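K.L.:
Before I ask anything, here is the structure I am working with.
FYI, it's all coordinate maths here, none of it is from the lab. Note that the structure is a prediction, hence the values are computed from the model and not measured. We place every Cβ from the backbone using ideal geometry, glycine too, and count neighbours over all the protein chains shown.
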Amino acid sequence: MKISIIQGDITKVKADAIVNAAGVGFGNAIGGGVAGAIRRGAGDELVKECQELTKTKYPHGLPTGEAVATKAYNLPAKIIIHTVGPRAYSDPNGLLIDCYENCLRIAEENKCKTIAFPAISTGAYGMSINTSAKVVRYILKNFKSPIIEEIILVLFKDGDKKVYDDIIIKKTDYEDALVNMDDMRFCRYCLATIGDVIPLNGDFWTCSEECSKNLLKKESKEIGDLISSKLKENKN
Ligand code: APR
């Protein structure tokens, strides 16, 4: 699979799917950011489709970490995949992983060969570009697809492309909270590496009982049971 890192405007990228860094009212963005550019580029038909989806499927808005596809209307892409990233200071940051995984799953379901991502959550939602790059590096390390041939990472601000090049291609270890991403020794719920992370299985580690419980609420029964038994083991 080809990985391209470019600087530019995602609405101009010719990919089968482009990802929208949306808010809960995912078609309604005005003003700056990716969502505003996508809304202006796609046109009013996009807003209508999003409003219809909100009425029928998401009466409380699109939940953080989830994703949904619409047509792309006046944009060169075939579809837009809308996902709501976590707000850095108030949401579980691990939901950023869900955003990428859900977008890739939907792209595959729609037989997209190419998908373009913006740096979700790194604008209005306040996530650092270093954290974003490390999450993307983790996603790319684990992702294999028989359908997707190219993932295009689109950076907008000066300097952001260099951070992506450094962390994703050159594998430079930038100093911040998210070390050991490649060893997967980070909390799947909050992304922190502080404390004693508990290995749950190949993919799931948590850093505290509170995060374990939160993860438990979010994940499937199978993972939930595994977390419960690990918590019990750690108490004994
Ligand atoms: N193409 C690619 N990237 C862009 C573009 C563009 N046209 N415009 C901005 N960006 C970059 C920003 O520089 C930032 O790095 O996309 C990244 C994400 O920024 P935001 O669009 O602000 O997205 P996010 O941080 O996820 O916040 C989402 O902002 O627009 C509102 O409705 C949206 O409430 C939601 C919130």
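K.L.:
Which value, in debye to the nearest 20, describes the size of the charge dipole of segment 2-174 about its Cα centre when Lys and Arg Cβ atoms bear +1, Asp and Glu Cβ atoms bear -1, and nothing else is charged?
P.N.:
Dipole of segment 2-174, to the nearest 20 debye: 240 debye.
K.L.:
Label Ser90 and Glu108 with points 7 Å out from Cα along Cα→Cβ: what is the distance between them in nm?
P.N.:
Modelled inter-label distance: 3.4 nm.
K.L.:
Too long at a 32 Å Cα-Cα cut-off: which of Lys134/Lys213; Lys55/Lys141; Lys55/Lys144; Lys14/Lys218; Lys78/Lys144; Lys48/Lys171? Each step should come with its number before you reach the end.
P.N.:
Numbers: Lys134/Lys213 24 Å; Lys55/Lys141 37 Å; Lys55/Lys144 35 Å; Lys14/Lys218 35 Å; Lys78/Lys144 22 Å; Lys48/Lys171 42 Å.
From the list (Lys134/Lys213; Lys55/Lys141; Lys55/Lys144; Lys14/Lys218; Lys78/Lys144; Lys48/Lys171), the Cα-Cα distance tops 32 Å for Lys55/Lys141; Lys55/Lys144; Lys14/Lys218; Lys48/Lys171.
K.L.:
Can you tell me the FRET efficiency between Lys57 and Asn28 if r is taken as the Cβ-Cβ distance and R0 is 22 Å, rounded to the nearest 0.05?
P.N.:
FRET efficiency, Lys57 to Asn28: 0.90.
K.L.:
Under a point spin-label approximation (7 Å from Cα along Cα-to-Cβ), what is the Lys217-Glu233 distance to one decimal in nm?
P.N.:
In this crude spin-label approximation the distance works out to 2.5 nm.
K.L.:
So for each of 16-26, 37-47 I average, over its residues, the number of other beta carbons within 10 Å; can you give me the resulting order with the highest mean first? Write out the running numbers ahead of the final one.
P.N.:
Numbers: 16-26: 24.5, 37-47: 19.3.
Top of the packing list down: 16-26, 37-47.
K.L.:
So if each residue of separation counts as 0.36 nm, and I subtract the Cα-Cα distance between Glu49 and Asn74, what length gain in nm does that give?
P.N.:
Stretched fully, the Glu49-Asn74 segment lengthens by 7.6 nm.
K.L.:
Under a crude label model (7 Å from the Cα following the beta-carbon direction), how far is Ser4 from Glu210 in nanometres?
P.N.:
So the label points at Ser4 and Glu210 sit 4.4 nm apart.
K.L.:
If you don't mind, another one. At 0.36 nm per residue, minus the direct Cα-Cα distance, what do Ile147 and Lys170 gain on full extension? Give it in nm, one decimal, please.
P.N.:
Details: separation 23, 0.36 × 23 = 8.28 nm, distance 2.60 nm.
That pair, Ile147 and Lys170, stretches by 5.7 nm at full extension.
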